[in-house]
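Enquirer: Below you will find the structure I want to go over with you.
The values are calculated or read from the model by the stated rules, or taken from the named source; none is laboratory data. The model shown is predicted, which means the values in this text are computed figures rather than measured ones. Glycine also receives a Cβ, built like all others from the backbone with ideal geometry; neighbour counts cover every protein chain displayed. To get the accessible areas, we keep the full protein, side chains included, count just its heavy atoms, and leave off ligands, DNA and RNA. Shrake-Rupley method; radii C 1.70, N 1.55, O 1.52, S 1.80 Å.
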Amino acid sequence: MLRNTSLLICAAAVLFVSFSRGAAAADDTPGIVQEKPAEGRFVAIDGGYMVPYTATIPGTKATYEMVPIPGGTFTIGSPEDEADRGDDEGPQVTIEVEPFWMSKYEVTWSEYKPFMQLTDAFALFEKHEMRAITDDNKSDVITSPSNLYDASFTFGQGEDPRQPAITMTQYAAKQYTKWLSKLTGQFYRLPSEAEWEYAARAGTKTAFSFGDDVDELDDYGWHYDNADDTTHKVGEKKPNPWGLYDMHGNVKEWTLDFYAEDWYGQHEGKTVQAADFINWPTELYPRVLRGGSWDTDPDRLRSAAREQSDDESWKEYDPNVPKSPWWFASDYSQDVGMRIIRPLKAPETTEGKEKYWKADIDTIQQITDKRIDQEGRGKRGLADEKLPAAIEEVRAKEEAGR
């Protein structure tokens, strides 16, 4: 049960506020209004209200929708008597969560492809000696994913713009959130494991966000028994009580956390802030994915069910050395995707933000550097609010030179 009574939710029809269209908001911050909405979902905060908003990725026609999630307290994990419970789902731990926005849907190809296309754009910047990386702007540097050498690995489920983007590594997912943050001026990142389960439960304590009856799952999620061996366009099933779609199934979703079976046991009997509950990675894998997928048995789509990545087998078909830091090439990764959040309170320092975006162990950075510097796969470039205009400029120069 949520204990923060100062944060209110009205579970009615969704009110969308698009900052790309100049909607009125407190301090022009997207997703915040000063007057209490007459309808729709909202979360009361000091000085205003968090509301849903729709935004356009600058320089593209792709949009994404963000839903406000109230702060509160919940119990992560499953009770011992829950059917099909995994040993790694306990003991249960009390977690305190700060408010955030979460993407209404899993990140789609319409959103992810502009990020994929940066490799070619960054190459043109190098050719035309534009946007050089210096000590003064290095905090804006991202790495873009290498061009696909075999599109069948990634697009085997189809390229419909509403299909969830798949087969990206956790590092690529984090670089995507940095790119989006730098373009928009807002701080986006992957959710922590605790934040993900909190949002998935949406105030419930049952096995699924809709109750305990697995027979109702077909109304809410795509799984092994009903998905016909493929991903599906986002938003085709019912949402959870907080307006989030596909939290049960379709694609597994990255979190920030390193997977440890006994992680909950290390916090038994404590009340922990969500930020302090993150198990920051110290090894390449396994890392935590949540939500299950179209290739997952129904019982593994429960709100508390945890899954660990298997990066080695997911890169098994990658013919390159070193193997890609941005892509998985195995059929086993065709159900790996992502969802983003934007915390109400962003880190105040560049270093604090980078912790959520960067390669968190030396091995990932070393592989990335070798792929870019020695193999010419992937690129480094600057991501900032001027990037869309710079891409148009360099493309015009390229066209004029032909």
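Enquirer: Quick check on region 312-341: of everything there that is crowded, with 17+ Cβ neighbours inside 10 Å and not in a loop (DSSP other than H, G, I, E, B), which residue is farthest from the chain's Cα centre (by Cα)?
Expert: W314
Enquirer: Also, quick follow-up: Can you tell me which of (1) within 15 Å of the chain's Cα centre (by Cα); (2) open to solvent by 10 Å² or more (accessible area, probe 1.4 Å) is the one W179 doesn't meet?
Expert: It is condition (2) that W179 fails.
Enquirer: Here's something else I'd like to know. So, restricting to helices (runs of 4 or more DSSP H) that lie completely within region 144-246, which ones have at least 3 residues that are modelled with pLDDT of 95 or more? So that I can check it myself, show each step before the final result.
Expert: Numbers: elements: 151-155, 170-184, 193-201.
Filter on region 144-246 gives 170-184, 193-201.
Enquirer: Then there's this: Determine the pairs where a residue that is touching a residue at least 12 places away in the same chain (Cβ under 8 Å), located within region 282-311, has a partner that is assigned to a helix (DSSP H, G or I) and among the basic types (K, R) with Cβ atoms under 6 Å apart, the partner being 6 or more residues away or on another chain.
Expert: Here the result reads G292/R300; S303/R201, each pair linking region 282-311 to a residue that is assigned to a helix (DSSP H, G or I) and among the basic types (K, R).
Enquirer: Examine region 264-279 for a residue that is open to solvent by 10 Å² or more (accessible area, probe 1.4 Å) and aromatic (F, W, Y), and state whether such a residue exists.
Expert: no
Enquirer: Take the conditions more than 21 Å from T177 (Cβ to Cβ) and either in contact with a Lys or Arg (Cβ under 7 Å, 6 or more places away or on another chain) or open to solvent by 60 Å² or more (accessible area, probe 1.4 Å) (or both) and apply them to D140. Does it pass? Lay out the reasoning, then the answer.
Expert: Values: more than 21 Å from T177 (Cβ to Cβ): no; either in contact with a Lys or Arg (Cβ under 7 Å, 6 or more places away or on another chain) or open to solvent by 60 Å² or more (accessible area, probe 1.4 Å) (or both): yes.
It is false that D140 is more than 21 Å from T177 (Cβ to Cβ) and either in contact with a Lys or Arg (Cβ under 7 Å, 6 or more places away or on another chain) or open to solvent by 60 Å² or more (accessible area, probe 1.4 Å) (or both).
Enquirer: In region 342-366, what residues are in contact with a helix residue (DSSP H, G or I) (Cβ under 9 Å, 6 or more places away or on another chain), open to solvent by less than 50 Å² (accessible area, probe 1.4 Å) and not in a loop (DSSP other than H, G, I, E, B)?
Expert: Once the filter is applied, which keeps residues that are in contact with a helix residue (DSSP H, G or I) (Cβ under 9 Å, 6 or more places away or on another chain), open to solvent by less than 50 Å² (accessible area, probe 1.4 Å) and not in a loop (DSSP other than H, G, I, E, B), region 342-366 yields R342, P343, E354, I364.
Enquirer: Given the structure, is A383 over 24 Å from V321 (Cβ atoms) and in contact with an Asp or Glu (Cβ under 6 Å, 6 or more places away or on another chain)?
Expert: yes
Enquirer: Among the residues of region 76-92, is there at least one that is assigned to a loop (DSSP other than H, G, I, E, B), open to solvent by 20 Å² or more (accessible area, probe 1.4 Å), among the hydrophobic types (A, V, I, L, M, F, W, C) and more than 28 Å from T363 (Cα to Cα)?
Expert: yes
Enquirer: Looking only at region 222-238, decide whether some residue is touching a residue at least 12 places away in the same chain (Cβ under 8 Å) and farther than 25 Å from G156 by Cβ.
Expert: yes
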